[in-house]
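In what follows, a structure is listed as structure tokens, so that the remarks can point back to it.
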């Protein structure tokens, strides 16, 4: 019996030694796209996210990227367990959430004037909707789960000539079009303009050197990308949000604890006002003379053009109809007086 007891004790000791020697379970790597890399505002917000998510069983290791294509590819090939990038890149992993960044989907016009506060309120309500437990199924496609949505700011038309201030004036103009977002080229061709192939690493250079007449960009990009060079003396930023851009978090849900995605989405919902403050600061940093306001008539024409383009592009299968139905309900909740709210467009889609 003593021999058995001794052996048992030796076995226990060996097991304990092995357990102590075994490496701790590896954490999750999250690849973060930020225009300014590890010194940018989003990367700093991701640092706080990593700390906050420890209580939900995650040990996030952050890796910064200045090229979101590479971040997306590293996630796709399993080098990242999650990644953060614009919806242009994340849409392939969840089309419903990606519908937030569609043409005019969150743009509110009242009495011919842009209401930017209400436009952001639409985005807030969309994020609230998707951060509720009832929407959890919509946030999952296969192994991919949306872990959060955050506003990046309105994408405004940035032009090299103030005469480009109507829908008609866009005809024949060269407009930067991201290769990986086919909807952009469709919309540009619809208005008789010329799409010029670009991506997030070179679209501003093409504008600044005169290769294109117009780009769409948030005010957060104005200083880092030196857009004043392309705007010059004759250009402007039109105060009309073509869409409101978002950052989205995509998780490989098999790499995270059960229920982590919901906690993650609710965390980023709580960061909405922080992000909005950064956007407002960037808006205020634009020289007042650089802004250009559209007439009420042209604001209406732009809104109609974006709506028709959005519906056409969705019918072509490039936008998610389920996501657009949700956004229209919210848009009409915020602005019930809009004539579109009396129509069935976008509501009859299945």
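Each reported figure results from applying straightforward, stated rules to the coordinates on display, with no laboratory input. Remember, predicted model here, so these are calculated numbers, not experimental data. Heads up, the Cβs are rebuilt from the backbone with ideal geometry, glycines too, and the neighbour counts pull from every protein chain shown.
Computed extension length for residue 44-residue 301: 88.6 nm, one decimal, from 0.36 nm per residue of separation with the Cα-Cα distance subtracted. In this simple spin-label model, placing a label point 7 Å from the Cα along the Cα-to-Cβ direction at both residue 258 and residue 197 gives a separation of 4.8 nm.
Rounded to 0.05, the FRET efficiency of the residue 79 and residue 342 pair, given R0 = 45 Å and the Cβ-Cβ distance, is 0.35. Counting only alpha carbon atoms, the long axis of helix 321-334 and the longest principal axis of the chain meet at about 70°. Label positions at residue 115 and residue 163, each projected 7 Å from the Cα along the C-beta direction, are separated by 3.6 nm.
Grab the Cα-Cα distance for residue 290 and residue 229, subtract it from 0.36 nm times how many residues apart they are, and report the gain in nm with one decimal.
On the way: separation 61, 0.36 × 61 = 21.96 nm, distance 1.19 nm.
Result: 20.8 nm gained on full extension.
What ranking do 238-250, 178-190, 288-300 get when scored by the average of other Cβ atoms within 10 Å per residue, highest first? Walk me through the numbers on the way to the answer.
Numbers: 238-250: 23.8, 178-190: 17.7, 288-300: 14.1.
Descending packing order for the listed peptides: 238-250, 178-190, 288-300.
Report the gain in length on full extension from residue 333 to residue 205: 0.36 nm times residue separation, minus Cα-Cα distance, nm rounded to one decimal.
Contour length minus the Cα-Cα distance gives 42.1 nm.
What 222 nm value per residue comes from the helices of the chain, counting each DSSP H run with n ≥ 4 as -39,500 (n - 2.57) and dividing by all residues, nearest 500 deg cm²/dmol?
Details: 13 runs with 140 residues, N = 350.
After summing the helix terms and dividing by residue count, I get -12000 deg cm²/dmol.
Summarising the strand pairing of the chain, around 60 percent of its internal DSSP beta bridges are antiparallel.
Taking the centroid of alpha carbons for each part, segment 287-342 and segment 181-234 are 20 Å apart.
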